[in-house]
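This report refers to the structure that appears directly beneath it.
The values are calculated or read from the model by the stated rules, or taken from the named source; none is laboratory data. Since this is a predicted model, take the numbers as computed values, not measurements. Cβ placement follows ideal geometry from the backbone for every residue including glycine, while neighbour counts extend to all protein chains displayed.
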Amino acid sequence: MIKEKLYKQILEVMPLLCVDIIIRNARGEYLLVKRDNEPLKGWWWVVGGRVQKYETLTQAVKRKVKQETSLVVHKMRPVGYYEDKFEKNSIKLDTKLHALSVVFEVLISNNVKICLDAQSSDWKFAKKLPARFRVKKFCK
């Protein structure tokens, strides 16, 4: 665990590596969660978060999906990346938070039971992803 003072210093000079997960059901709808923390508090967003040291991207995807929704991921595929800068953050940085996410897609059945953790207050299936969430494809 990184101490908060050091974590703030790192985030003032380095981007944060994350995974964002597009979870789709058999109807092609997207699972969105309503965020309870910054950045994007109150927004409907995809599941995701920081990659931990020594954790592979696929391990991070499985961990974040399980942690945030209680769902277990078996199959996933990388679809691109998402990069953003946020004015607000959960640790009150004096600078913008710069996050770089590798984006994965996972498919789930329609009749799953979703249990949220404390990071989100609600969930829904939506026909579209949030407009701000613009995933860039990897080059071939």
With the condition kept exactly as written, say whether any residue in region 32-41 is under 12 Å from the mean Cα position of the chain (by Cα), hydrophobic (A, V, I, L, M, F, W, C) and surrounded by 19 or more Cβ atoms within 10 Å (Cβ to Cβ).
yes
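It is to be established whether one or more residues within region 106-121 are of a type outside the set (Val, Ile, Thr), part of a strand (DSSP E or B) and under 23 Å from residue 42 (Cβ atoms). Write out each step before concluding.
Step one: of region 106-121, the residues of a type outside the set (Val, Ile, Thr) are 107, 109-111, 113, 115-121.
Then drop every residue that is not part of a strand (DSSP E or B), which leaves 107, 120-121.
Filter once more, keeping what is under 23 Å from residue 42 (Cβ atoms): 120-121.
Within region 106-121, one or more residues are of a type outside the set (Val, Ile, Thr), part of a strand (DSSP E or B) and under 23 Å from residue 42 (Cβ atoms).
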Suppose we keep only residues that are out of contact with any Lys or Arg (no Cβ under 8 Å at 6 or more places or on another chain) and hydroxyl-bearing (Ser, Thr, Tyr) within region 1-60. Which one would you say is nearest to residue 137 (Cα to Cα)?
58
Pairs where the first residue, in region 74-91, is on the phi < 0 side of the Ramachandran plot and the second is assigned to a strand (DSSP E or B) and among the aromatic types (Phe, Trp, Tyr), C-beta under 9 Å, 6+ apart
76/104; 77/104; 78/104; 79/104
In region 95-112, which residue that is under 16 Å from the mean Cα position of the chain (by Cα) and of a type in the set (Gly, Ala, Ser) is modelled with the lowest pLDDT?
99
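Can you tell me how many residues in region 1-19 are more than 19 Å from residue 74 (Cβ to Cβ) and under 13 Å from the mean Cα position of the chain (by Cα)? Show your work before the answer.
If we filter region 1-19 for residues that are more than 19 Å from residue 74 (Cβ to Cβ), which is where we start, we get 1-18.
Filter again for under 13 Å from the mean Cα position of the chain (by Cα), leaving 16-18.
Qualifying residue count, region 1-19: 3.
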Restricting the first residue to region 1-24 and requiring it to be within 22 Å of residue 104 (Cα to Cα), which pairs with a second residue that is surrounded by 17 or more Cβ atoms within 10 Å (Cβ to Cβ) and of a type in the set (Lys, Arg) meet a Cβ separation below 8 Å and a spacing of at least six or different chains?
19/64; 21/64
Top-ranked residue of region 103-140 - restricted to ones that are within 24 Å of residue 80 (Cα to Cα) and of a type in the set (A, V, I, L, M), ranked as surrounded by the most Cβ atoms within 10 Å (Cβ to Cβ)
103
Taking region 29-56 as the region of interest, how many residues are among the acidic types (Asp, Glu) and more than 19 Å from residue 71 (Cβ to Cβ)?
1
Taking the condition without any contact (Cβ under 8 Å) to a residue 40 or more places away in the chain, in contact with a Leu (Cβ under 9 Å, 6 or more places away or on another chain) and surrounded by 18 or more Cβ atoms within 10 Å (Cβ to Cβ), does residue 47 pass?
yes
